[in-house]
């Protein structure tokens, strides 16, 4: 009986941590209500045209994007830890769904809807499983450099998919390059009325972003274009429109797919969730730093997983917390997740009463909305910065960009990730080995290349291995050390500073033993300085404590040289 209150308290703490809404709702301040209402309605006004545009990008009916915002916002408000993050379909995930699921559906529109729903359900399960395993920090291993290149490539790929709609063409192409070629081939078939509407929408959107950055300009442009198509001769000039959108809220249910299809969809779902989490957590951290409140990376896994799962059973497709919609939400004054609930309510009203107004929305206007939305992805300035700071990072970003352009988003990102890992392994296999010298008047040794005043000790060569010693770099380290010893010539004592080598494996231990034998054959001695405790334990276990000086205790370089100078005949 005594343990029961503790168990209940533990359960209550876990439940409150799994549902952050139970934490922020009691702390909600009435003064925030107006800001959240304005932000929510502004977000809904932004989300309606954008979600319809992204749904077309994914090859899905327009209502699919609206369902994502409707359901995703409410679920994230209950489970998420960010106050400004806005959940909905994004350009990158939309094009990934359009390319990957489109191939599996074989042109069957209804089948594509169910496949996209299944991907969202699987992505949600992946997120919930990752939350259960506390894998929130795993994405720290996803390189920001890869994301920089990916964004540029994805932005260009998405733009290439919208050009035919902007020109009123029926051209295809499997990747960025073939799409551009196809558009150029069919330029003479451009529908002038479609192009006029598209260019006009682009101009209005650009001017709106410049002069009215906090206003729902996209909704204003959509309203003008619908009125133009409804009360002008443009309707009979071959201008493509969205068409009928089903009235009412989504019907919840499981996607109809075969079990053998799940295996094909699992890789797409994993890619979607990875993109979703990486993009979302980046936005979450940005706003939490700006507004100074804590966030929980593991909890964001659960929030995104639950939101994706809910979207999947509500006839939607995978979603994420995008920067563009979150920026709209934040700039409009969102103070809490209540803004997302208000936005979902606004979209629900549109689905219930206003879907008929969207029938005449031109495809060219949706293309313009997408082009403006993805314009922020293409940032050459980031690539120029990488080129200036690190040539290797720049190469990784370029591989990501070219890979996405040539092979598509999923294969391009995987290619860049593999290339990045290979470069890291190459760097790790050849760690830097610094030559150290003694600073005058001090018992301190420093890198001679950075401190020219550091002086070499007569007949002593001091080297610092700036990495752990493992199977993939041990022989390269040994080879370079022996080369340095041969170049020095007069060295009677080789001191290896292991202060920056906190880890070692069996191959590293054996390399040190082999190195000791080679140094003895050259007429010199080997000693180890600044050996970390765990490394000492490993060396003791392999029986090298009596063979190499400096292992029995963590000796500094100066003390180690002093202890050996009489045997070597080295002056002070």
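The values are calculated or read from the model by the stated rules, or taken from the named source; none is laboratory data. Everything numeric here is computed off the predicted structure, so don't read it as measured data. A quick note on method: Cβ atoms are made from the backbone with ideal geometry, for glycine too, and the neighbour counts reach across all protein chains shown.
If you check every pair at least six apart or on different chains, which have Cβ atoms under 8 Å apart with a residue in region 356-381 that is at pLDDT 75 or above first and a residue that is in a strand (DSSP E or B) second?
Taking only residues 6 or more apart or on different chains, the pairs are 359/241; 360/241; 361/241; 362/241; 363/241.
Working carefully through the options 529, 522, 491, find the one that is buried (at least 20 other Cβ atoms within 10 Å of the Cβ) and more than 19 Å from residue 432 (Cβ to Cβ).
Exactly one of 529, 522, 491 is buried (at least 20 other Cβ atoms within 10 Å of the Cβ) and more than 19 Å from residue 432 (Cβ to Cβ), namely 491.
Working only within region 334-349, note down all residues that are more than 12 Å from residue 71 (Cβ to Cβ) and touching a helix residue (DSSP H, G or I) at 6+ places or on another chain (Cβ under 7 Å).
Passing the criteria: 334, 335, 336, 337, 338, 339, 342, 346.
Given the conditions (1) surrounded by fewer than 23 Cβ atoms within 10 Å (Cβ to Cβ); (2) in a loop (DSSP other than H, G, I, E, B), report the number of the one that residue 327 does not fulfil.
Of (1) surrounded by fewer than 23 Cβ atoms within 10 Å (Cβ to Cβ); (2) in a loop (DSSP other than H, G, I, E, B), only one is false for residue 327: (2).
If residue 483 passes every condition in (1) modelled with pLDDT of 85 or more; (2) in contact with a strand residue (DSSP E or B) (Cβ under 9 Å, 6 or more places away or on another chain); (3) under 19 Å from residue 436 (Cβ atoms) but one, which one does it miss?
(2)
Would you pick out the residues in region 214-227 that are crowded, with 19+ Cβ neighbours inside 10 Å and either in the same structural domain as residue 350 (by TED's automatic domain parsing) or assigned to a helix (DSSP H, G or I) (or both)?
217, 218, 221, 222, 225, 226
Look at residue 276 and say whether it is surrounded by 19 or more Cβ atoms within 10 Å (Cβ to Cβ), assigned by TED's automatic domain parsing to the domain that holds residue 129, under 30 Å from residue 133 (Cα atoms) and within 32 Å of the chain's Cα centre (by Cα).
Judged against the criteria, residue 276 is a match.
Collect the residues in region 258-281 that are free of Cβ contacts under 8 Å to residues at least 60 places away in the same chain and either under 20 Å from residue 83 (Cβ atoms) or not in a helix (DSSP H, G or I) (or both), keeping them in residue-number order.
Once the filter is applied, which keeps residues that are free of Cβ contacts under 8 Å to residues at least 60 places away in the same chain and either under 20 Å from residue 83 (Cβ atoms) or not in a helix (DSSP H, G or I) (or both), region 258-281 yields only 258.
Scan 462, 404, 399 and give me the residue that is closer than 30 Å to residue 536 by Cα, in contact with a helix residue (DSSP H, G or I) (Cβ under 9 Å, 6 or more places away or on another chain) and in contact (Cβ under 8 Å) with a residue 40 or more places away in the chain.
On inspection, the qualifying residue turns out to be 462.
Report, by residue number, each residue of region 429-448 that is buried (at least 16 other Cβ atoms within 10 Å of the Cβ) and in contact with a strand residue (DSSP E or B) (Cβ under 9 Å, 6 or more places away or on another chain).
431, 433, 434, 435, 436, 437, 438, 445, 446, 448
Please indicate, with yes or no, whether at least one residue in region 142-160 is more than 22 Å from the chain's Cα centre (by Cα) and modelled with pLDDT of 80 or more.
Within region 142-160 (the criterion being more than 22 Å from the chain's Cα centre (by Cα) and modelled with pLDDT of 80 or more), the answer is yes, since at least one residue qualifies.
Confirm whether residue 341 is surrounded by fewer than 23 Cβ atoms within 10 Å (Cβ to Cβ), assigned to a helix (DSSP H, G or I) and not assigned by TED's automatic domain parsing to the domain that holds residue 43.
So residue 341 fails the test.
With the requirement that a residue be more than 26 Å from residue 472 (Cα to Cα) and touching a strand residue (DSSP E or B) at 6+ places or on another chain (Cβ under 9 Å), what does region 506-553 give you?
Passing the criteria: only 524.
Across region 180-213, what is the number of residues that are surrounded by fewer than 14 Cβ atoms within 10 Å (Cβ to Cβ) and more than 19 Å from residue 169 (Cα to Cα)?
6
Restrict the check to region 434-441 and report whether at least one residue is in contact (Cβ under 8 Å) with a residue 24 or more places away in the chain and within 36 Å of the chain's Cα centre (by Cα).
Yes, that holds for at least one residue.
So how many residues does region 282-302 have that are crowded, with 22+ Cβ neighbours inside 10 Å and assigned to a loop (DSSP other than H, G, I, E, B)?
0
Among the listed residues 305, 316, identify the single one that is touching a residue at least 12 places away in the same chain (Cβ under 8 Å), surrounded by 18 or more Cβ atoms within 10 Å (Cβ to Cβ), in the same structural domain as residue 97 (by TED's automatic domain parsing) and closer than 20 Å to residue 59 by Cβ.
Answer to the selection: 316.
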